[in-house]
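Please read the structure below before turning to the comments.
The values are calculated or read from the model by the stated rules, or taken from the named source; none is laboratory data. Treat the numbers as computed from the prediction; the structure is a model and nothing was measured. Every residue, glycine among them, receives a Cβ derived from its backbone with ideal geometry; neighbour counts consider all protein chains shown.
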C-alpha cells in the first residue's frame, strides 16, 4: 500500500521520499505511513536504528524545504512522531556527518539566515534574546533542573555515576536532595564542575569574584561558601535576578554575594577573578572582541578568569556560521558557538592567553539525557503552567537535539583559564 497517492496535494511524491531515505549511508529507519504501513530503509553500514511515525505528509515537504530545521518544525507541529526521539536524531546526525559540509542545501536557508542576523546581541537585543529563553519563568526551570538549579553541563567522572553509582560526597548542598539517587548524582556532578572552575581561580578570602551570567546564583553561592570570598553575579534576566537574590538571602549570604541586573559591557569595577559558565555562547561573534576586552579590563592585577563554553568543531565552523540551526532560531536567538581555535584567537587578540583547557563533551550528553528524562516526567506540570503541546515538543526536540550533537562529538564543552598575556 502506498504512503500517499503518487502525487500528494502538498507536492511530495512517494518516489521522492523513497529516493531520499534510500540514500542512508549508515543505520536503519523504519517509516510508518499514516495508513499503518511500515517500510524499512537499511544502509550498507551499521549505525543507529530509529522508527518514525509519519502522521502528516507535510512533514516531508518541510524537510525538503528546510532541512534539519524543517524536520524540527514538523516534529513541533505533530506531523511526525517516534517512540525514541534521541535515536532519530542520532541517525540523522550520523548520516549528515557523512556529507562534506554536514548539511544539505535547502530553499529556506536564506530566510533562516536573515532571522538569525536580525537578532544580534546589542544591549537591547541581548536583553530581548535572554528574556526569550530565561524569562519563561523560574517555575518552569525548577520543575526539571536538579536541586542546584544549574542549567549548564555537569562534570561526571565514572561511567555509572548518573545511573545511581557512587558520586562522592561532594561539598555542601544548596537545597535538600529530592531523594532520588540519579538526581543526587547529577547535583554532585554539577558541584564538581563548579569545584574545577574554582580551582582555576584559586581565590582567597579577601578576593572579590565576578560571575558573568550568574543564572540562579548557584556558583556564586558555592564560591562564597567554599572560598569565603565576596562574589558579584550579573545577569540580564529579570526572572533569574529575582530568584537568585531570594536564594542568596535564604542561604544567609546577603553580605557576601551580590546579584545585579547588569550587562557585562556596563561594569566599572575591577575583580580578583572572573567566572563565566556557558554565557559566552550568547555573546554573538560580533561581540567576542568586546567580551574578551572587558575581561582584560575588569581583571585586577594578578587576576585570572575561568570560562566554560560549548564549542563546535573547527572543520564545521564555517558551515555552521552561515547556516543557523534549530537552536539558534528557536531556543537561543543570537547565539553563536566558537570553535576552540577561534576562542583562543579571539582571546589572544585582546591580550589574553589561555591555559588549563579541559574538554568533557560526553558529560554534556549525559547531562542532557537526565534533563530530557526529568522534562518528560513533569510534562503535565509544564503544561499546567500554561505552555502548549507545541512548546513541550519544541523543548523535547531541543534537549534531544543537543544530546545528539555531544554524543556524536560535533560539539564539545570546555573549561579554560584566561589571564593577561606576558604574565
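Tabulated results
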| read-out | value |
| --- | --- |
| Of all residues making up segment 214-234, the number that are crowded, with 24+ Cβ neighbours inside 10 Å and at positive phi | 2 |
| Index of the failed condition, residue 206 passing every other in (1) crowded, with 18+ Cβ neighbours inside 10 Å; (2) assigned to a loop (DSSP other than H, G, I, E, B); (3) out of contact with any helix residue (DSSP H, G or I) (no Cβ under 6 Å at 6 or more places or on another chain) | (1) |
| Segment 240-255 residues that are loosely packed, with under 15 Cβ neighbours inside 10 Å, paired with ones that are assigned to a helix (DSSP H, G or I) and at pLDDT 95 or above (beta carbon under 7 Å, 6 or more apart) | 254/248 |
| Members of segment 378-394 found to be without any contact (Cβ under 8 Å) to a residue 60 or more places away in the chain and closer than 20 Å to residue 335 by Cα, listed by number | 391 |
| Some residue of segment 401-423 being free of Cβ contacts under 8 Å to residues at least 60 places away in the same chain and buried (at least 19 other Cβ atoms within 10 Å of the Cβ) | yes |
| Residue 308 being farther than 18 Å from residue 404 by Cα and under 15 Å from the mean Cα position of the chain (by Cα) | yes |
| Residue within segment 49-68 that is exposed (fewer than 15 other Cβ atoms within 10 Å of the Cβ) and touching a residue at least 12 places away in the same chain (Cβ under 8 Å) present | no |
| Count of segment 318-354 residues which are crowded, with 18+ Cβ neighbours inside 10 Å and on the phi > 0 side of the Ramachandran plot | 1 |
| Residue count, segment 264-292 (criterion: surrounded by fewer than 17 Cβ atoms within 10 Å (Cβ to Cβ) and out of contact with any strand residue (DSSP E or B) (no Cβ under 7 Å at 6 or more places or on another chain)) | 8 |
| Among (1) closer than 30 Å to residue 295 by Cβ; (2) free of Cβ contacts under 8 Å to residues at least 60 places away in the same chain, the one test that residue 363 misses | (2) |
| Entirely in segment 210-311, the helices (runs of 4 or more DSSP H) that have 3 or more residues that are outside the structural domain of residue 361 (by TED's automatic domain parsing) and at pLDDT 95 or above | 218-227, 238-250 |
